[in-house]
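We did not get these values from a lab; they are worked out from the coordinates using the rules stated. Everything numeric here is computed off the predicted structure, so don't read it as measured data. For neighbour counting, all protein chains shown are included, and Cβ atoms are generated from backbone atoms with ideal geometry for every residue, glycine included.
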């Protein structure tokens, strides 16, 4: 990050928030954390290239002032909002250091690994790699090399923000396998207008095998739903559920039927998904979605039930630890300290590397103190 900031120093006159940034930086070096935080906050409010750096420095101010928990929350928030850029490795290193200092060796190890294992590519090199691959894809002699890059980009966290672009590039490939990948991704991203012609082009492939047929019917059903042809879309998805029972496409179709069910049908469809595909990702996703819907409507009792059901039935689900953290918060806010304590302790014990473990440990300690 030092070279980048040197350039900002030389050229920063025209960069939004640059004056506040460097004044705050001087205050931070002098240990004037409150003044520094105020300056970086002003800079972070400006839309420009300094914004993620200012946000990261706000976390540094909290860390310097002794607010380790606040610093951790701020640093992780920056990574969620700005997942790619020169600041990422610096923030990961700071997270590792703070977790280490606070005795959370599991989370410290996670962030040290993230810093050390990730292959570093500067932003300009990533941009060049992308541009070169576009050129390769446009040339029949090198097209295979270009499309190989975009297949990788769909799965590479370094290109998280450009996965839609990668899928759109794959939709131009002459390789049928690339078209399937593009259609799957575009439908998943909700890019129905772009997905529709790709799915249509795959129609002849649907006759080649039962799996291809189920996959195509599922994608066409998703497209119809996205085009507001609800009855037709649901009919195709139901057909997949009935004719291809036990397949991944049937599970996906049933999940979409759940998401698009009428209010009086939701519980029945959810029950069927849990019964017929008890270990599937879709069943866990459905419980998460259901819990989130209840929370959005401020039906906190029902939301808590669904979050806890997700964590109990699907302990390996990517949202299981988050579900316990949210459930614990809801129970705490509803003045149920014993249940909240149990929930937070489950997270701390079962998910030592979870992002929310430090927060759960904090509230566990607070609740234990109050119970004495």
Ranked highest first by average number of other Cβ atoms within 10 Å, how do 349-360, 204-215 line up?
349-360, 204-215
Using per-residue counts of other Cβ atoms within 10 Å, averaged over each peptide, order 196-202, 332-338 from highest down.
196-202, 332-338
Mark the label point 7 Å from the Cα of residue 268 along Cα→Cβ and return the residues of region 245-262 whose backbone N is within less than 18 Å of it.
254-262
At q = 0.21 Å⁻¹, what is the log10 ratio I(q)/I(0) for region 42-142, with the Debye formula run over Cα points and no solvent?
-1.05
Just to confirm my numbers, what's the Cα centroid distance between region 309-372 and region 217-285 in Å?
31 Å
Per DSSP H run of n ≥ 4, the term is -39500 (n - 2.57); total these for the chain, divide by its residue number, and report the mean residue ellipticity at 222 nm rounded to 500 deg cm²/dmol.
-23500 deg cm²/dmol
Value of relative contact order over the chain, rounded to a whole percent, pairs C-alpha under 8 Å and six or more apart
7 percent
For the chain, compute Rh as the Kirkwood radius over C-alpha pairs and then the Stokes-Einstein diffusion coefficient at 4 °C and 1.567 mPa s; write the answer in µm²/s, rounded to an integer.
54 µm²/s
Of 83-90, 249-256, ordering from highest average Cβ density within 10 Å down gives 249-256, 83-90
For the residue pair residue 193 and residue 124, what label-to-label distance in nm results when each label sits 7 Å from Cα along the Cα-to-beta-carbon direction?
3.6 nm
